[in-house]
1. Pairs, please: C-beta under 9 Å, at least 6 apart or cross-chain, first residue acidic (Asp, Glu) and in the range 84-108, second within 8 Å of the ligand (Cβ to nearest atom)?
2. Mind checking whether some residue in the range 240-251 is within 16 Å of the ligand (Cβ to nearest atom) and touching a Ser or Thr at 6+ places or on another chain (Cβ under 8 Å)?
3. Kindly indicate which of Tyr227, Tyr185, Tyr191 is touching a Lys or Arg at 6+ places or on another chain (Cβ under 9 Å), of a type in the set (Ser, Thr, Tyr) and surrounded by 15 or more Cβ atoms within 10 Å (Cβ to Cβ).
4. How many residues are out of contact with any Lys or Arg (no Cβ under 7 Å at 6 or more places or on another chain), within 15 Å of the ligand (Cβ to nearest atom) and open to solvent by less than 20 Å² (accessible area, probe 1.4 Å) when one looks only at the range 156-174?
5. Would you point out which residue out of Thr89, Thr83 is under 20 Å from the mean Cα position of the chain (by Cα) and within 13 Å of the ligand (Cβ to nearest atom)?
6. Filter the range 208-224 for residues that are more than 10 Å from the ligand (Cβ to nearest atom) and in a strand (DSSP E or B) and give the result.
7. Pick out the one residue from Ala144, Ala119 that is over 20 Å from the mean Cα position of the chain (by Cα) and more than 19 Å from Ile327 (Cα to Cα).
8. If you go through the range 62-79 one residue at a time, how many are open to solvent by less than 50 Å² (accessible area, probe 1.4 Å) and in a helix (DSSP H, G or I)?
Amino acid sequence: MNLDDSTVDLDRLRAEFPILSRKTYLNSCSLGALSTRSQAYLADFQELWHEMGASAWYEHWLGRIEDLRGRVAAFWGAEPAETALLPSTSVALSVMSESVARTGRNRVVCTGLDFPTLAYQWAVKPDIELVVLESPDGVRIDPAQFEEAVDDRTLFLATSHVFFTTGYVQDLETLAGIAHRAGAYCLIDGYQGAGQVPLDLESTGVDFYTAGPLKWLLGGPGLAYLYVRRELIEGLEPRITSWFATEGQFDFDLQGFRYRPDARRFEMGTPALPTVHTALGGQEIIDEVGIEAIVARNRRLTEHLIVRCQESGMTLRLADPDHRSAIVMVRHDDPVGAVRHLGEHGIIVDHRPGFVRISPHVYNTDEEIDRCVETLAAYAL
Ligand SMILES: Cc1ncc(COP(=O)(O)O)c(C=O)c1O
């Protein structure tokens with residue numbers, strides 16, 4: 001990959017995000033910044049609603065849904081027919097858990113580093129044996145642990161692309177290989193991956209991948225995206241469904257439910273149209289900047305942040321450089337107080353138990369990072 005961020009027109013990019021001139025914003029892994037472009041698309045949506053009412057659906061909004069699907073599919077290296085729009089990652093995960101035939105398998109393998117909503121899908125199913133792999137170092141899971149736990153009883157190897165409290169990037173091909181050798185499905189929660197890590201889903205071999213516009217894709221809350229590998233789609237029949245999942249959606253035929261042949265068979269009703277519009281704005285910006293430049297710039301910003309924290313005597317929970325992403329965890333005895341203190345100085349970061357979490361994105365600068373580290377250092381470590 002060409003790690004060159006010289007193509008990023010930083011002034012122009014920053015000008016699209018009003019929060020950057022009001023705050024030092026270093027919390028994109030919780031919520032990406034809102035662009036003026038997303039805001040304008042949202043205003044267009046509202047204006048059409050005033051002007052046309054429901055007729056805007058057919059003339060405009062259904063088209064915007066397909067624009068978003070097409071952009072997301074191209075962005076993550078798949079076909080639109082392999083890409084579904086859902087209300088949240090939790091729904092995407094539960095649809096997949098209700099789509100596969102059990103075929104005598106009742107084990108699901110996930111990890112203690114995954115976002116909890118992943119494990120919850122199976123923890124509430126008494127007939128599932130949920131195996132939660134524990135990290136040896138609090139940062140990562142060794143692929144050998146998956147290899148050992150995933151066996152011929154396993155239905156899903158389900159885990160994250162990037163761990164939300166360590167920033168560790170797992171290798172998707174390795175995970176897909178382990179799952180498939182045991183005859184299991186590989187399901188990935190990519191919420192912390194999409195937008196900060198390059199994606200070419202078809203080439204990785206994963207079966208299911210879910211992400212959303214909220215964080216690194218700069219599109220706000222209210223939607224999730226689901227990739228389902230083409231060869232699998234027609235063999236999967238979700239046991240929860242909606243009128244968006246059927247062929248002849250607008251026939252309104254109660255007796256005539258037939259799963260669509262594409263990934264829309266996994267959809268769960270009307271998508272959040274305001275988010276379709278804000279997500280399109282964010283996705284356009286991500287596509288224009290380009291994922292390679294984003295990765296290059298985020299890597300540089302992250303290294304700068306790490307060096308500055310270490311110079312200030314802070315203790316970090318860090319992935320090794322080959323598996324690192326733009327989520328930096330600073331150990332702290334009072335993370336809630338520290339985040340409040342930073343907030344009082346116009347600096348927005350986040351906390352997780354025992355840590356302050358700082359996540360720069362492509363639009364941030366070294367100076368913002370310096371300001372954050374200096375202000376944090378001034379608060380008792
Ligand atoms: C890795 C990961 N998965 C899932 C979620 C949230 O899922 P949902 O869209 O169901 O709220 C988050 C954060 O909000 C996350 O960091």
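The values are calculated or read from the model by the stated rules, or taken from the named source; none is laboratory data. All values derive from a computational prediction rather than experimental measurement. With ideal geometry, Cβ positions are generated from the backbone for all residues, glycine too; neighbour counts draw on all protein chains shown. The accessibility values were calculated without ligands, DNA or RNA, using every heavy atom of the protein model including side chains. Shrake-Rupley method; radii C 1.70, N 1.55, O 1.52, S 1.80 Å.
1. Taking only residues 6 or more apart or on different chains, not a single pair turns up.
2. yes
3. Tyr191
4. 8
5. Among Thr89, Thr83, only Thr89 is under 20 Å from the mean Cα position of the chain (by Cα) and within 13 Å of the ligand (Cβ to nearest atom).
6. Within the range 208-224, Phe208, Tyr209 qualify.
7. From the options Ala144, Ala119, the qualifying one is Ala144.
8. Of the residues in the range 62-79, 8 are open to solvent by less than 50 Å² (accessible area, probe 1.4 Å) and in a helix (DSSP H, G or I).
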